[in-house]
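Inspection log for the structure reproduced underneath, given as structure tokens.
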């Protein structure tokens with residue numbers, strides 16, 4: 001089937017999509033956007049987190065057809081012409097990236113948190129990131145980066 | 001495989017009547033796992049996402065609340081925590097934020113897993129489920145009659161789940177769940193309690209404790225009779241309540257826990273949630289006085 005939706009503010013069309021295929025597969029394999037990562041395929045790891053109509057979801061658990069006519073924003077769409085998004089800047093500054101596999105999902109999920117909660121407490125950060133697994137176990141740096149991202153965003157960086 | 005996209009409830013019912021083998025998909029948090037792992041190859045997916053009616057809720061004149069089957073857990077927590085505290089607590093323990101943004105009570109009911117987090121608080125609070133087919137119209141199924149076996153429910157092949165209804169909150173409600181961490185956990189077992197002080201009545205719901213979610217009727221009746229509703233909670237009464245809850249379970253040994261552990265844990269959760277609920281009940285009674 002054909003699926004048409006917006007990705008990072010651009011209209012996209014994917015053809016020959018299998019009806020049981022995930023949005024993640026379409027993004028990575030049909031639209032050439034490998035930012036969202038494929039790992040657990042069951043919503044456990046959060047590495048495929050993308051915005052669907054402004055709400056963070058696991059792209060592996062969205063059927064491709066369910067994205068029809070909707071707006072998707074992936075990690076590739078976080079940065080603007082002005083440069084990196086606050087979360088990206090902060091993750092780089094704080095060394096919150098080890099192997100990097102979980103990073104795209106964490107960036108999208110953290111971006112949503114600091115958009116909704118400008119000055120999140122540690123408990124709020126932990127709760128928000130509970131569904132994003134880092135197997136390098138770099139969580140302390142990640143928490144630091146989210147706090148820093150909130151500061152950068154508040155400063156209007 | 002076909003992908004059916006009805007845009008209204010009537011179209012969805014017509015599609016289900018024509019293709020009873022079609023598997024409804026809403027948030028996808030259960031259905032897509034099965035597709036990704038090749039566990040299931042349904043002949044068709046029936047996407048209920050575009051059916052806007054399913055994503056709304058309304059208070060009814062009698063004070064009860066009717067919630068569309070497609071309202072995600074995140075919205076239950078944000079919008080309905082005061083009207084259904086037990087269910088909202090359970091919703092907070094579902095998966096992760098990403099899962100709660102998509103997953104729905106309708107999906108939990110459709111999957112009918114004994115481990116589904118929504119079932120115990122729905123049973124305890126006395127929920128009814130509204131299902132509908134194009135041919136037979138609407139019927140209301142009490143939660144107690146909905147679960148027929150492991151992942152089997154009372155839905156007919158041409159029916160879809162429209163909504164669930166909960167009576168007005170009559171007293172404290174609590175939910176508790178055992179898992180290896182505080183997120184992304186399928187319940188080892190779970191328990192929910194609801195007090196109805198003006199009726200001197202108790203509701204319970206047990207999860208991952210038997211082939212289906214269930215109520216512990218003997219425990220409910222014992223507590224309703226043995227408790228001093230105008231006084232403090234007697235420890236012996238609470239202990240016996242826990243024992244009866246454990247006795248109502250018929251759990252299995254599996255990778256998540258042994259039957260013996262589950263029975264024990266259910267008793268502990270029953271005592272604890274009862275203590276929390278009774279505390280609220282007494283505080284509420286004193287404040288009113």
* Evaluate the distance, in nm, between pseudo-label points positioned 7 Å from the Cα of residue B:254 and of residue B:11 along their respective Cα→Cβ axes. => 3.7
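Once you wrap a convex hull around the alpha carbon atoms of the range B:1-46, what is its projected area averaged over all directions, in nm²?
Hull-based average projected area comes out at 3.1 nm².
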* Asked: Under Stokes-Einstein, with the Kirkwood radius over Cα pairs standing in for Rh, what whole-number D in µm²/s applies to the range B:173-288 at 25 °C and 0.890 mPa s?
  -> 171
* Which whole-percent values make up P(r) of the range B:119-229 when all C-alpha to C-alpha distances are grouped in 10 Å steps starting at zero? -> 14, 39, 33, 14, 2
* What FRET efficiency do you get for residue A:115 and residue B:39 if R0 is 35 Å and r is their Cβ-Cβ distance, rounded to the nearest 0.05? -> 0.45
* Asked: Cα-based Rg (one decimal) and Dmax (whole number) for the range A:60-109, in Å?
  -> 13.3, 38
* the range B:1-108 - convex hull of the alpha-carbon atoms, volume per residue in Å³ -> 107
* Asked: Given the C-alpha centroids of the range B:1-50 and the range B:99-155, what is the distance between them in whole angstrom?
  -> 17
* Structure fact -> Distance in Å, no decimals, from the C-alpha centre of the range A:79-145 to the one of the range B:216-289 is 41
* Spacing of the two label points (7 Å from each Cα toward its C-beta) at residue B:225 and residue B:2, in nm -> 5.6
* Asked: Once the convex hull of the C-alpha atoms of the range A:86-154 is built, how many Å³ does it hold per residue, rounded to a whole number?
  -> 67
* How high is the FRET efficiency between residue A:81 and residue A:15 when r is their beta carbon distance and R₀ equals 35 Å, given to the nearest 0.05? -> 0.70
* Tell me, what is the FRET efficiency for residue A:55 and residue B:234 to the nearest 0.05, using R0 = 45 angstrom and their Cβ-Cβ distance as r? -> 0.45
* At 20 °C and 1.002 mPa s, grab the translational diffusion coefficient of the protein assembly as shown from Stokes-Einstein with a Kirkwood Rh over Cα pairs, rounded to a whole number in µm² per second. => 93
* Structure fact -> For the range A:4-157, one quarter of the surface area of the C-alpha convex hull, expressed in nm², comes to 8.5
* Inter-label distance for residue B:156 and residue A:139, nm, one decimal - labels placed 7 Å from Cα along Cα-to-Cβ -> 5.0
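How large is the translational diffusion coefficient of the range B:182-244 in µm² per second when you combine the Kirkwood radius over alpha carbon pairs with Stokes-Einstein at 4 °C and 1.567 mPa s?
In µm²/s, the coefficient is 101.
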* Asked: Can you give the angle from 0 to 90° between the axis of helix B:235-248 and the longest principal axis of chain B, with both taken from C-alpha atoms, to the nearest 10?
  -> 30
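I'd like to know how chain B sits against the 2.2 N^0.38 Å rule of thumb: what's its Cα Rg over that expected value?
Expressed relative to 2.2 N^0.38 Å, the Cα Rg reads 1.01.
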* Asked: Mind checking the mean number of beta-carbon atoms from other chains within 10 Å of the Cβ atoms in B:24-34?
  -> 5
* Asked: What length, rounded to one decimal in nm, is gained on full extension from residue A:6 through to residue A:151, with 0.36 nm per residue of separation minus their alpha-carbon distance?
  -> 49.2 nm
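Each value in this text was obtained by applying a stated rule to the coordinates, not by laboratory testing. As the structure is a prediction and not an experimental result, all values here were calculated from the model. Positions of Cβ are generated from backbone atoms using ideal geometry, with glycine treated the same way; all protein chains shown enter the neighbour counts.
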